[in-house]
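The values are calculated or read from the model by the stated rules, or taken from the named source; none is laboratory data. Just so it is clear, the structure is predicted and the values come from calculations on it, not from any experiment. Glycine also receives a Cβ, built like all others from the backbone with ideal geometry; neighbour counts cover every protein chain displayed. Heads up: the accessible areas ignore ligands, DNA and RNA and are worked out on the full protein's heavy atoms, side chains in. Shrake-Rupley method; radii C 1.70, N 1.55, O 1.52, S 1.80 Å.
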Amino acid sequence: MRIGILGLGRIGAFHAETLSGLGAVESLVVSDPFADAAKAAAERFGAEVADSPEALLAAGVDGVVVAAATDAHPALIVACAEAGVPVFCEKPVARTMAEGVEVLKAVGGRDVPVQIGFNRRFDAGFVAARAAVRSGELGTLHTVRSTTLDPAPPPAAYIAASGGIFRDCSVHDFDIIRWVTGREVTE
């Protein structure tokens, strides 16, 4: 497979490292608005650099990882879907609910996979919690508390573009509470 990566900050570099170590991934194509980030990733992981998302999509990729700043997610998800290229995007889909709904409308009905990065559903601890709730082992569930933390504060530039840790990371809490409890939000 030939995989594209849009955005090469902390999480994009993490994905590049993971993907470059997989036997099924033959090559990487990387792009970032900061040319030095793309160049550094290309050197480190033996990737090809594309100077724009459009160039990356035209480079014959089989799938794309969107790890760009949150405010770029909507346009990049839609561009990948319109190009017919499967896309995995880091959460959240967008900075606002309205933008997220617009992305859903734009990609809905297309025959192209779109996945958002809710990795906690694959964490052994959360899987065990879900099994305990579902089996009744924990009894009646009355209260759930969920806290998200990063190991270190992010750079100021990230906060300005992402909406901050509450907007960017709380979506994990909302997702995992729904998944563990099997309940939907009502209000």
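The set of residues from segment 109-131 being open to solvent by 70 Å² or more (accessible area, probe 1.4 Å) and outside any loop (DSSP other than H, G, I, E, B) comprises Gln115, Asn119, Arg121, Phe122, Ala124. Taking the residues in segment 133-180 that are open to solvent by less than 80 Å² (accessible area, probe 1.4 Å) and over 23 Å from the mean Cα position of the chain (by Cα) as candidates, determine which candidate is nearest to Arg10 (Cα to Cα). Among them, the one singled out is Val144.
Hey, could you check segment 57-73 for residues that are in a helix (DSSP H, G or I) and either at pLDDT 95 or above or open to solvent by 20 Å² or more (accessible area, probe 1.4 Å) (or both) and say which is nearest to Ile116 (Cα to Cα)?
His73
Checking each residue in segment 25-40 for being within 24 Å of Ala81 (Cβ to Cβ) and either in a helix (DSSP H, G or I) or open to solvent by 60 Å² or more (accessible area, probe 1.4 Å) (or both) picks out Glu26, Pro33, Ala38.
Look through segment 41-56, keep the residues that are part of a helix (DSSP H, G or I) and in contact with a Leu (Cβ under 9 Å, 6 or more places away or on another chain), and return whichever of them is surrounded by the most Cβ atoms within 10 Å (Cβ to Cβ).
Per the criteria, the residue is Leu56.
Would you point out the residue of segment 3-24, among those that are among the β-branched types (Val, Ile, Thr) and open to solvent by 20 Å² or more (accessible area, probe 1.4 Å), that is nearest to the chain's Cα centre (by Cα)? Per the criteria, the residue is Ile11.
The set of residues from segment 95-108 being surrounded by 13 or more Cβ atoms within 10 Å (Cβ to Cβ) and either in contact (Cβ under 8 Å) with a residue 40 or more places away in the chain or not in a helix (DSSP H, G or I) (or both) comprises Arg95, Thr96.
For residues that are among the small types (Gly, Ala, Ser) and part of a helix (DSSP H, G or I), scanning just segment 74-94, find the one that is most open to solvent (accessible area, probe 1.4 Å). Out of the qualifying residues, it is Ala75.
Close contacts from segment 58-71, counting a first residue that is acidic (Asp, Glu) and a second that is open to solvent by 30 Å² or more (accessible area, probe 1.4 Å), with Cβ to Cβ under 8 Å and a gap of 6+ residues or different chains, come to Asp62/Met1; Asp62/Arg2; Asp62/Pro86; Asp71/Arg95.
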